[in-house]
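Enquirer: Following this message is one structure expressed as structure tokens.
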Amino acid sequence: MSAESTPEPGTPEHSGTSGPRHRAKGQRRKPRSKRHKALVVTAWAAAGVVVLGGTGLGYMYFTLNGNIKSVDINQALGTDRPLDVDNGSQDILVLGSDTRSGSNKKLGGGTDDGSARSDTAMVVHVYEGHKKASVVSIPRDTLVDRPECTDAEGDTHEADDGAMFNSAYTTGGAACAVKTVESMTGIRMDHYVEVDFSGFQKLIDELGGVEVTTTKDIKDPDSHLDLKAGEHRLTGKQALGLVRTRHGVGDGSDLGRIQLQQAFIKALVNQVKEIGVLTSPKKLYDLADTATNAVTTDSDLDSLRDLASFAGGLKGISSSKMNMVTMPVQYDPADGNRVLVDKTKAELVWDALKNDRAIPRAATKGNATGDAKGVVSGG
């Protein structure tokens with residue numbers, strides 16, 4: 001397919017069951033977790049600054065190169081994977097991880113129990129020509145059939161039916177998360193990028209904050225966030241609070257939080273593209289150092305040269321060319337704190353991406369949604 005024939009990604013229309021979720025009669029809502037939610041949005045900022053990070057830094061290149069952590073996904077998963085279609089497009093699984101140790105614990109990550117969770121997940125499809133992208137958020141509370149998988153240490157984990165989506169990462173790390181997504185979608189992930197939230201906070205501060213406009217007051221003591229309606233330049237701490245809040249605005253659902261995250265990503269992408277870091281070598285290095293420390297990648301992106309080349313392929317995608325949707329789901333009638341995949345509509349999404357086409361509008365109508373659409377926009 002030529003670049004000219006690649007269709008414009010559609011803009012989803014959120015309608016249908018957009019109200020608050022309903023629990024089955026007699027069930028009690030489980031207390032909301034107060035732990036910080038790791039953020040995928042750092043990956044976009046990391047991509048933007050790492051492109052610059054490999055240029056003209058001399059010996060500093062090797063320091064930045066050593067910052068990058070990686071996981072050999074190909075070795076762990078072997079050949080039992082979807083077909084690797086070479087049509088000029090790319091599919092990337094981007095996860096946010098909230099490890100309970102180190103600087104993440106200081107930010108409110110909870111008990112240092114040696115575990116880590118993936119509370120944010122997105123499949124990023126970059127269309128042929130690398131001028132457009134579709135981003136599909138996968139709700140952490142989705143009940144899925146998790147396949148048997150082998151982690152990066154070579155340990156095998158049994159399959160589990162009806163497991164929460166984010167349990168794949170907790171159980172077997174990056175490799176099991178990729179295996180689960182590939183099983184759900186039938187799409188081979190070309191790359192894997194993982195971001196931790198302490199790195200996200202530092203990077204936003206390095207960028208000088210991110211400008212957003214809020215249409216409602218947002219107050220959430222759990223995420224230490226108190227914003228009046230209006231224009232704001234968010235610090236790293238405020239940005240972290242905004243994209244992890246569940247009940248600061250809207251219906252308190254994970255789906256509402258996804259809407260806030262998607263709006264923030266667009267604001268962040270615009271700012272990263274506009275910032276003039278080349279005028280200050282120290283600023284450039286600090287940004288690249290923070291970005292490379294914040295990410296874990298698959299082994300094909302484990303050098304600064306490879307990561308910069310990959311990021312260079314993304315820098316032409318503006319926020320207006322990013323179609324952001326949530327995987328089609330409906331609330332679980334047996335448990336209002338969980339969602340179920342709408343398999344018919346989800347198949348429309350995954351088939352479109354497999355064939356490098358725009359996601360059809362029919363896939364985005366009538367799904368369960370949050371209640372935070374339009375609350376946040378770029379400043």
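Enquirer: Between the stretch 174-235 and the stretch 314-360, what is the C-alpha centre distance in whole Å?
Expert: 18
Enquirer: State which entries of Lys343/Lys365; Lys131/Lys321; Lys202/Lys282; Lys266/Lys373 exceed 18 angstrom in Cα-Cα distance in the structure shown. Please list the in-between numbers first.
Expert: Working: Lys343/Lys365 14 Å; Lys131/Lys321 7 Å; Lys202/Lys282 15 Å; Lys266/Lys373 13 Å.
Pairs exceeding 18 Å: none.
Enquirer: Using the Cα centre of the stretch 149-226 as the reference point, and only Cβ charges (+1 on K/R, -1 on D/E), how large is the resulting charge dipole? Debye, rounded to the nearest 20. Can you show the working numbers first?
Expert: Working: 5 positive and 17 negative charges, 49 e Å.
Charge dipole, the stretch 149-226, about its Cα centre: 240 debye, nearest 20.
Enquirer: Residues of the stretch 232-338: accessible area per residue at 1.4 Å, in Å²?
Expert: In whole numbers, the stretch 232-338 has 34 Å² accessible per residue.
Enquirer: Points 7 angstrom from Cα along the Cβ direction at Asp300 and Arg361: gap in nanometres?
Expert: 3.5
Enquirer: Okay, moving on. With the Cα gyration tensor of the stretch 201-343 giving a ≥ b ≥ c as the square roots of its eigenvalues, does the rule (a/c under 1.5 for rounded; else a/b larger than b/c for prolate; else oblate) give rounded, prolate or oblate? All intermediate terms of the calculation are to be shown ahead of the outcome.
Expert: Numbers: a/c = 2.12, a/b = 1.40, b/c = 1.51.
It is oblate, given that a/c is not under 1.5 and a/b is not larger than b/c.
Enquirer: Ok, one more. For Thr63 and Gln75, calculate 0.36 nm times their separation in residues minus their Cα-Cα distance, and state this gained length in nm to one decimal. Walk me through the numbers before you get to the answer.
Expert: Details: separation 12, 0.36 × 12 = 4.32 nm, distance 2.64 nm.
Full extension from Thr63 to Gln75 adds 1.7 nm.
Enquirer: Ordered by packing density, taken as the mean number of other Cβ atoms within 10 Å over each peptide's residues, highest first, how do 179-186, 353-360, 77-84 rank? It would help to have the intermediate numbers written out before the result.
Expert: On the way: 179-186: 21.6, 353-360: 18.1, 77-84: 11.5.
Peptide ranking by packing, descending: 179-186, 353-360, 77-84.
Enquirer: In the stretch 228-271, what percent of the accessible surface is made up of carbon and sulfur (1.4 Å probe, ligands and nucleic acids excluded)? Could you put the intermediate results ahead of the total?
Expert: Values: 610 of 1290 Å².
Answer for the stretch 228-271: carbon and sulfur cover 47 percent of the accessible area.
Enquirer: Under unit Cβ charges (Lys, Arg +1; Asp, Glu -1), what dipole magnitude, rounded to 20 debye, does the stretch 271-379 have relative to its Cα centre?
Expert: The dipole of the stretch 271-379 has a size of about 500 debye.
Enquirer: Sticking with this one: Of the cross-linked pairs Lys216/Lys283; Lys132/Lys345; Lys69/Lys132, which ones have a Cα-Cα span greater than 26 Å in the structure shown?
Expert: Cα-Cα > 26 Å for Lys216/Lys283; Lys69/Lys132; rest within.
The values are calculated or read from the model by the stated rules, or taken from the named source; none is laboratory data. Just so it is clear, the model here is predicted, and its values are computed rather than measured. Here Cβ is always computed from backbone atoms with ideal geometry, including for glycine, and neighbour counts include all displayed protein chains. What goes into the accessible areas is simple: the full protein's heavy atoms, side chains included, and nothing from ligands, DNA or RNA. Shrake-Rupley method; radii C 1.70, N 1.55, O 1.52, S 1.80 Å.
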